[in-house]
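Novice: I am attaching a structure below and will ask some questions about it afterwards.
Values quoted throughout were computed directly from the atomic coordinates according to the rules given, and no laboratory measurement underlies them. Keep in mind that this is a model prediction, so the values were computed, not measured. Using ideal geometry, Cβ is built from the backbone for each residue, glycine included, and neighbour counts are taken over all protein chains shown.
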Amino acid sequence: MLLLGASEVRRWQQSKRWGRSRHHSSRGSAFAHMPIYVRIAVPLLLILLIGRLAWQSVHSIRQASHTPPAAFTDSTLAAAPTTAPWQRDFTDSLAESLQAAAAGNITGAEVAVDRGESILTAARLQSFTAGPPFFRDASAALDALLAKSSDPHLFDHVTQARVSLAEMRSSLNEPASDAIGAVRIAGPRAIAANEIFDPHALGGNYLDATLLPDTSEVLLPPQSRSFNDGVRVENISISGAAQTLDGIHWRNVTFIGTRLRYEDGDLDLENVRFVRCRFGIPSDDRGARLASALALGQSSIAIQ
């Protein structure tokens, strides 16, 4: 065995410690021995990369939030953004009807638009709601459907869909709370030629006809039902029963829960509101004009 002196042992231990220290130091200080331009460039590149990714994410979100809704075109019927499933089903039915009409399949177009009308009726009976854009887009869709075909049978089905759309619109309206001196009647009220039927003639501004059968006429004008009779009804609300609109000048009138009839005569509505009303409207050009105006929420309508 080789014996070392104390001084030699100390030198050997010091050399081992120095070797280990130099080995770890060389590994830990590798980054420190890089050129200075590398040490500056690497962090800058990382910062630029992170910033680029963040900007792309924000830009994508902004583009998505500003994407305009789909619109109706001649070749396709796109659904406007909706949240209610029944509105999507209705729009899908009109889209299917448009595609069938474009292909010359009138029967298929009629079946699809009838399905849309049934969806509207079910939605009204279940007290579902819809905003003005829904009625605007639905009316535009029905216009686009008729632009594909002039078939009279399809026109009839589309007009009935417009009537259901008008009834849906009416179901969402609320009556004003300004009834003063309600007058209840148990039978139809006759109106003479050139008479102005207003709160003064009625004795109040609210005519309650809910005791009458729902097919009974509320106001009976002269038999001719012509503007030549000069009959005017103004500034009152009428509730219940039924009323024919032809041949009377209506101004500032609200119908509440009334069955309204239109029989292709002269029509004059000025600021007239319909609250939870039903409509009997013929499937012809005049009837289609009235149904379309009612579906769009118009309160002043003239047909002569």
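Novice: Step by step: first the residues of the range 287-296, then only those that are under 11 Å from Phe135 (Cβ atoms) and touching a Lys or Arg at 6+ places or on another chain (Cβ under 6 Å), then the one that is surrounded by the fewest Cβ atoms within 10 Å (Cβ to Cβ). Which residue is that?
Specialist: Ser292
Novice: Among the residues of the range 266-275, is there at least one that is β-branched (Val, Ile, Thr) and in a loop (DSSP other than H, G, I, E, B)? Please lay out each step first, then the result.
Specialist: Taking the range 266-275 as the starting set, the residues that turn out to be β-branched (Val, Ile, Thr) are 272, 275.
Subset that is in a loop (DSSP other than H, G, I, E, B): none.
Looking through the range 266-275, none of the residues is β-branched (Val, Ile, Thr) and in a loop (DSSP other than H, G, I, E, B).
Novice: Also, quick follow-up: Confirm whether Leu269 is crowded, with 17+ Cβ neighbours inside 10 Å and either free of Cβ contacts under 8 Å to residues at least 24 places away in the same chain or over 14 Å from Arg162 (Cα atoms) (or both). Explain how you work it out, then say what you get.
Specialist: Details: crowded, with 17+ Cβ neighbours inside 10 Å: yes; either free of Cβ contacts under 8 Å to residues at least 24 places away in the same chain or over 14 Å from Arg162 (Cα atoms) (or both): yes.
It is true that Leu269 is crowded, with 17+ Cβ neighbours inside 10 Å and either free of Cβ contacts under 8 Å to residues at least 24 places away in the same chain or over 14 Å from Arg162 (Cα atoms) (or both).
Novice: While we're looking at this one, here's another question. Looking for whichever is farther than 22 Å from Ser299 by Cα and in a loop (DSSP other than H, G, I, E, B) here; the options are Ala193, Ala201. Which one fits? Give the steps one after another, and end with the answer.
Specialist: On the way: Ala201 fails: in a loop (DSSP other than H, G, I, E, B).
Sole residue among the options that is farther than 22 Å from Ser299 by Cα and in a loop (DSSP other than H, G, I, E, B): Ala193.
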